[in-house]
Amino acid sequence: MAAEVRPRLTVLSGPSGVGKSTVVAHMRKVHPEVWLSVSATTRKPRPGERHGVQYFFVNDDEFDKLIANGELLEWAEFAGNRYGTPRGAVLERLDNGEPVLLEIDLQGARLVRESMPDAQLVFLAPPSWDELVRRLTGRGTESPEVIERRLDTAKVELAAESEFDTTLVNTSVEDVARELLALMAVV
Ligand SMILES: Nc1ncnc2c1ncn2[C@@H]1O[C@H](COP(=O)(O)OP(=O)(O)OP(=O)(O)O)[C@@H](O)[C@H]1O
Ligand SMILES: Nc1nc2c(ncn2[C@@H]2O[C@H](COP(=O)(O)O)[C@@H](O)[C@H]2O)c(=O)[nH]1
């Protein structure tokens, strides 16, 4: 009998404001054992965000050093800031056989697919374009200019949906969190 193949690295991507962080937060409330990689970013913290929790907030020089030292599994520029996945923590968990989740943008997902072809790529889609605009605007964390920039990028990201292994439509946070857990073989 063939051994069961369980994808161990899962990448969750989708346009800004679709609800990736909300889904992951719900999932980890129900299953705190699911490990989410904490990225490094040059973006300034939003109110309530803490260093080492949502992100490692670093300056440009520090980000340059992370790249130069080969400490990032992937990195990308998104809407004027840089974001990257610390390599060490991800590889350590994968070596231990633990499921690993990355919440990263389309460019990062493409880079992970190149370097780790066994990763499963999950695209989180909005129920509609208007709902995406409502969510991103309603979150109230970005200026109108940044929202416009993120929505421009969202058009590119939505057009790349077919590159992903699976699409989940974020109509209900609870349903999507359950589906994602099943894809990660956590439940
Ligand atoms: N299923 C849903 N129904 C209604 N609102 C939702 C749903 N999922 C998320 N939201 C809301 O949409 C907004 C954006 O969600 P969130 O910040 O999780 O998006 P994101 O994809 O992580 O964005 P970014 O990529 O910019 O970090 C939040 O205000 C959140 O409460
Ligand atoms: N390529 C990467 N993209 C990342 C990483 N961490 C987060 N992200 C993505 O950036 C945008 C913007 O995030 P925000 O917190 O400023 O709203 C979003 O699509 C994230 O998924 C990363 O390490 N690499």
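The values are calculated or read from the model by the stated rules, or taken from the named source; none is laboratory data. All values derive from a computational prediction rather than experimental measurement. Glycine gets a Cβ as well: all are built from the backbone with ideal geometry, and neighbour counts include every protein chain shown. The protein model used for the area step is the full one, side chains on, heavy atoms only, and it has no ligands, DNA or RNA in it. Shrake-Rupley method; radii C 1.70, N 1.55, O 1.52, S 1.80 Å.
Suppose R0 equals 30 Å. What FRET efficiency, 1/(1 + (r/R0)^6) with r the Cβ-Cβ distance, do V133 and L36 give to the nearest 0.05? So, using R0 = 30 Å, E works out to roughly 0.70. Note on the chain: helix-only mean residue ellipticity at 222 nm, from DSSP H runs of 4+ residues weighted -39500 (n - 2.57) and normalised by residue number, equals -12500 deg cm²/dmol. Within the set of other residues whose C-beta is less than 14 Å from the C-beta of S172, count the net charge using Lys and Arg as +1 and Asp and Glu as -1. Cβ neighbours under 14 Å give a net charge of -2. Average projection, convex hull of the Cα set of the chain: 11.2 square nanometres. Note on region 38-93: with neighbouring protein chains present and a 1.4 Å probe, carbon and sulfur make up 50 percent of its accessible heavy-atom surface. How would you classify region 124-182 from its alpha-carbon gyration tensor, with a ≥ b ≥ c the square roots of the eigenvalues: rounded for a/c under 1.5, else prolate if a/b is greater than b/c, otherwise oblate? Verdict is oblate for region 124-182. Using a Förster radius of 35 Å, what is the FRET efficiency between V169 and D61 based on their Cβ-Cβ separation? Nearest 0.05, please. That pair, V169 with D61, gives E of 0.30.
Indicate, rounded to the nearest 5 percent, the antiparallel portion of the DSSP beta bridges found entirely in region 1-85. Rounded to the nearest five, the antiparallel share is 65 percent.
Under the simplified labelling scheme, the A68-S162 pair shows an inter-label distance of 4.3 nm, with each label point 7 Å from Cα along Cα→Cβ.
Taking a straight Cα-Cα cut-off under 22 Å and skipping sequence neighbours fewer than 8 places away in the same chain, the lysines within cross-link reach of K29 are K20.
Converting phi to 3J(HN,Hα) with the Karplus coefficients 6.51, -1.76 and 1.60 and the offset θ = phi - 60°, region 81-92 yields 10, 9, 9, x, 9, x, 5, x, 5, 5, 5, 4 Hz in sequence order, with x at every glycine or proline.
Looking at region 73-116, the accessible area is 45 square angstrom per residue; that uses a 1.4 Å probe and ignores ligands, DNA and RNA. Highest average first, the peptides 106-119, 136-149 ordered by how many other beta carbon atoms sit within 10 Å of their residues are 106-119, 136-149. Here region 86-187 is treated with +1 on each Lys and Arg Cβ and -1 on each Asp and Glu Cβ, and its dipole about the Cα centre works out to around 160 debye. Summed over the residues of region 132-183 and divided among them, the accessible surface reaches 57 Å² per residue at a probe radius of 1.4 Å.
Summarising the amide proton neighbourhood of G14: residues at separation of 5 or more, or on other chains, whose placed amide H is nearer than 5 Å comprise L106, L124. Is any residue of region 122-148 close enough, with backbone N under 16 Å, to a label point placed 7 angstrom from the Cα of N81 along the Cα-Cβ axis, and if so, which? What the label zone holds, given the 16 Å backbone N cut-off, is 136-137, 139-148.
In sequence order, region 102-109 has phi-based couplings of 10, 10, 9, 7, 4, 4, x, 4 Hz under the Karplus curve 6.51 cos²θ - 1.76 cosθ + 1.60, θ = phi - 60°, and Gly or Pro positions carry x. Rounded to whole numbers, the Karplus 3J(HN,Hα) couplings from phi for region 156-168 are 5, 5, 5, 6, 9, 3, 5, 6, 8, 6, 9, 10, 10 Hz, using 6.51 cos²θ - 1.76 cosθ + 1.60 with θ = phi - 60°, and x at Gly and Pro. Solvent exposure of region 25-68, expressed per residue, is 63 Å² of accessible area, with all protein chains present and a 1.4 angstrom probe. Amide H contacts under 5 Å for W35: L101, restricted to partners 5 or more places along the chain or on a different chain, H placed in the peptide plane at 1.01 Å from N. Other residues whose C-beta falls under 14 angstrom from the C-beta of H26 contribute a net charge of 0, scoring Lys and Arg +1 and Asp and Glu -1. Which percent of the accessible area of region 117-183 is formed by carbon and sulfur heavy atoms (probe 1.4 angstrom)? Of all accessible area on region 117-183, carbon and sulfur atoms account for 52 percent. Under 12 Å from the Cβ of V58, count the other residues' Cβ atoms, weight Lys and Arg +1, Asp and Glu -1, and hand me the total. Net of charged neighbours comes to -1.
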